[in-house]
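The values are calculated or read from the model by the stated rules, or taken from the named source; none is laboratory data. Note that this is a predicted model, so its numbers are computed, not measured. Reconstructed Cβ throughout: ideal geometry from the backbone, glycine too, with neighbour counts over all protein chains shown.
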Amino acid sequence: MRILKLATIAFFLLAWGARAQAPAGSPFILKPLGQNVWAAIDDARGDAGANAGFVIGDDGVAVIDTFENAAAARQMLAEIHKLTKLPVKFVINTHYHLDHVAGNGVFAEAGAVVFAQRNVRTWIHTENRKFFGKEINPEQKALVEGLTAPEAVYEGGSVELYLGARRIVVRYYPGHTGGDSVVEIPDAQVVFCGDLFWRKTLPNLIDASAGKWLETLAKLGSVHPSATFVPGHGDVGNAGDVAGFAQYLEGLRQMVAAELRQEKKGAAVVEAVLPQLKARYGTWGYFEEFAKSNIMDMEAELRGEKKTQQPAEAP
Ligand SMILES: [Zn+2]
């Protein structure tokens, strides 16, 4: 999330010891999850910008998300080549945010089909501009315009992709952007959540509907009680960690709602909620970066004033 001005994250990532496992020069830590499923966890400095991963099947490889920059994507392609001679057949984008799609072109050039929920195809080139703010410069504009969009999309429900006999299920879930997919590897009991799950890390609520998101998290935990969950940010977790993240959103909602009942608004809500949030979640990743905006986003949602993405016209 460097580009998203979130560079001060080294302290908490160091706390969970990630640096020790990172090979020199790699922007991510590769974690084997069994049966040729791999998580690529962003390094301590945030050099990859987000987590990603891949699955090696019988006749090809599926990649889940492509980091915030092409250099990290190229590094992951090199790691895949060390493990298998099979080609990358699919790239699945869990959502449109820049930190998960910037390396799409690396894999498309290598012959992969980029696949995502339909809204990603449009939003990748429109909504990503907002992460650079109003002062977006020509190079940043060009970067967003040059992102490789999905060339295969689905609307909702679920889609199955096959790597030979190996089945991958891509399933739509609401809450984070309105264009999010979860990627399930049933034979390995691994679920790649993208940014629907942040492990011990405050989320970006810029496009979120927390109400729908909480329903999604409850479903993920109950459908996959013993799965390994790969978050968009933070280390690999389990259903308990997913529940812990849901507790964060629910707690935030309750804290903000209590202040709204006192007829507070804006800065007064932030002032009242921030210390409570810090007492409970001050050690979580991105606390300094997202705590205030999380409170403001939650207030807007509870007031029915939250701007969320409207599904685009069919591209
Ligand atoms: Zn992200």
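Data table
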quantity	calculated
Top-ranked residue of region 47-60 - restricted to ones that are outside any strand (DSSP E or B) and more than 11 Å from the ligand (Cβ to nearest atom), ranked as nearest to ILE29 (Cα to Cα)	ASP47
Residue among GLU288, GLU271 that alone is without any contact (Cβ under 8 Å) to a residue 60 or more places away in the chain, in a helix (DSSP H, G or I) and of a type in the set (D, E, K, R)	GLU271
Given (1) away from the ligand (no atom under 14 Å from the Cβ); (2) outside any strand (DSSP E or B), index of the condition ASP207 fails	(1)
Residues that are outside any strand (DSSP E or B), under 26 Å from GLN140 (Cβ atoms) and away from the ligand (no atom under 16 Å from the Cβ), drawn from region 102-118	GLY105, VAL106, PHE107, ALA108, GLU109, ALA110, ALA112, ARG118
Region 180-194, residues that are within 14 Å of the ligand (Cβ to nearest atom) and farther than 17 Å from ALA52 by Cα	none
Region 102-113 - residue that is under 24 Å from GLY156 (Cα atoms) and out of contact with any Ser or Thr (no Cβ under 6 Å at 6 or more places or on another chain) and, of those, surrounded by the most Cβ atoms within 10 Å (Cβ to Cβ)	ALA102
Criterion (in contact (Cβ under 8 Å) with a residue 60 or more places away in the chain, farther than 23 Å from PHE67 by Cα and within 18 Å of the chain's Cα centre (by Cα)) met by exactly one of ALA218, ALA210, ALA243, ALA239	ALA210
Every residue from region 87-101 that is part of a loop (DSSP other than H, G, I, E, B) and buried (at least 24 other Cβ atoms within 10 Å of the Cβ)	ASN93, THR94, HIS95, TYR96, HIS97
Criterion (modelled with pLDDT under 95 and within 16 Å of the ligand (Cβ to nearest atom)) met by exactly one of ASP65, ASP43, ASP99	ASP43
All positions within region 122-153 that are within 19 Å of VAL91 (Cα to Cα) and β-branched (Val, Ile, Thr)	THR122, ILE124, VAL144, THR148, VAL153
Test for GLU127: is it out of contact with any helix residue (DSSP H, G or I) (no Cβ under 8 Å at 6 or more places or on another chain), touching a residue at least 12 places away in the same chain (Cβ under 8 Å), crowded, with 21+ Cβ neighbours inside 10 Å and farther than 30 Å from ASN238 by Cα	yes
